[in-house]
Each structure stands twice: as structure tokens, then as C-alpha cells.
1. Does Arg116 satisfy being out of contact with any helix residue (DSSP H, G or I) (no Cβ under 8 Å at 6 or more places or on another chain), among the basic types (Lys, Arg), at pLDDT below 85 and open to solvent by 20 Å² or more (accessible area, probe 1.4 Å)?
2. Would you mind finding the one in Ala57, Ala53 that is modelled with pLDDT of 70 or more and outside any loop (DSSP other than H, G, I, E, B)?
3. Could you list, in sequence order, all residues of segment 117-175 that are within 12 Å of Phe107 (Cβ to Cβ), under 30 Å from the mean Cα position of the chain (by Cα) and aromatic (Phe, Trp, Tyr)?
4. Condition first: assigned to a helix (DSSP H, G or I), crowded, with 18+ Cβ neighbours inside 10 Å and of a type in the set (Val, Ile, Thr). Can you find one or more residues in segment 136-157 that meet it?
5. Considering each residue of segment 158-172, count those that are open to solvent by 80 Å² or more (accessible area, probe 1.4 Å) and outside any loop (DSSP other than H, G, I, E, B), and give that number.
6. Return the only residue of Arg69, Arg80 being modelled with pLDDT of 65 or more and within 34 Å of the chain's Cα centre (by Cα).
Amino acid sequence: MLTAALALVALPGLVGSRSLTPIETVPASAFQQLSVLANDPGSMPSIEPLDAAHVSADSITPEMTIVERGGGGGSGPSARGVLNQPDAGASSIRKPAKYTLTGGATFYDNGTTAMRLPRGTVVVICGNGGCIERVVNDYGPQKKSRVVDLYRPDFFAICGCGWWAGTTQVTVYVY
């Protein structure tokens, strides 16, 4: 598409473009003389008012009265409905994992990586600070002691440790 657009700009003669023609002047005979005296309102030509073709069927006229609805007593709901839905139990939140991996994790600024899992695998990673669900988007880590490398904010969200920490122990649930 871009190549075709560039060809149209770069090679106008090859795509059937015409060469520029000079601007033709408008002959003076196309104009009529109109004399209007500044102080004589009778010398102005009269302009007829517009016909009714420009007025729509439901236009607002100066004689029309506009009434706004009052505030209250409307037919709509007066309060937000309450839904009594039971909390989901821990067993019904997620289907069981295919298998789990346990080991070390560290941070990696380009996403979630796992050497033992293919890209696109959905995993839930749990540490001392909580659990997160992510999709593996790269291969790594390169050390056998680590099972996953995490995006830096994700690492500190599940780590439960201070900013100085570099590794933590995690459990990876593979779905």
C-alpha cells in the first residue's frame, strides 16, 4: 500500500496524471455593476425572505413553549438494586493446575519468562506476598535454581520482601 502511494507521488506521469494547466482568468464581462449609495437605504436591492423549504417539521419557533421535567417522582428506579450472590469458595475459583514448579524467581524487565514452559502458557505464580496470573512471553531463566523470571513490579508484588531483594522462592501453577 505504501509503495503504491509513493509511486503515485514520485511518478505522476506514469500513472496517467495530467500536467498542470495555467489558471484561467475570469473575464470582466461575467460581473455586473452594482451601485449602492451609503446614505440611501432605498438604493439597496431587495432580498426576498427564505421560503419554508429550509424549516424542518419539528423546528422550534419563537411562539413554542418549552417545558422541562420536574425533578422527582420519576418512573425509574429510586435506588440501586442489591444482589445477594454468595462468595465463591477457594475450590471453585480456578480449575486444578496441570502441574506445579517450585524454585527461585528473580526479576526481568521484559516480561515473564520460564525456560521449562513454552510461550503463551498461562501460569499462576505464588510467593510470600501473594499470587499473580501471567502468560509466559519469553524463554529463560538460564540458571537451574530459578524456575521463573518476572517483570519487576510483579516480582515485588509476590515477593513480600524489600526493594533490595534479588530472589525469592515461588510456586508456579501451570494451566
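1. On the way: out of contact with any helix residue (DSSP H, G or I) (no Cβ under 8 Å at 6 or more places or on another chain): yes; among the basic types (Lys, Arg): yes; at pLDDT below 85: yes; open to solvent by 20 Å² or more (accessible area, probe 1.4 Å): yes.
Yes.
2. Details: Ala57 fails: outside any loop (DSSP other than H, G, I, E, B).
From the options Ala57, Ala53, the qualifying one is Ala53.
3. If the condition is that a residue be within 12 Å of Phe107 (Cβ to Cβ), under 30 Å from the mean Cα position of the chain (by Cα) and aromatic (Phe, Trp, Tyr), then Tyr151, Phe155, Phe156 are the ones that fit.
4. Scanning segment 136-157 turns up no residue that is assigned to a helix (DSSP H, G or I), crowded, with 18+ Cβ neighbours inside 10 Å and of a type in the set (Val, Ile, Thr).
5. Residues flagged as open to solvent by 80 Å² or more (accessible area, probe 1.4 Å) and outside any loop (DSSP other than H, G, I, E, B) within segment 158-172 amount to 2.
6. Of the residues listed, the single one that is modelled with pLDDT of 65 or more and within 34 Å of the chain's Cα centre (by Cα) is Arg80.
The values are calculated or read from the model by the stated rules, or taken from the named source; none is laboratory data. Note that the structure is a prediction, hence the values are computed from the model and not measured. Every residue, glycine among them, receives a Cβ derived from its backbone with ideal geometry; neighbour counts consider all protein chains shown. Calculation scope for accessible area: heavy atoms of the full protein, side chains included, ligands and nucleic acids excluded. Shrake-Rupley method; radii C 1.70, N 1.55, O 1.52, S 1.80 Å.
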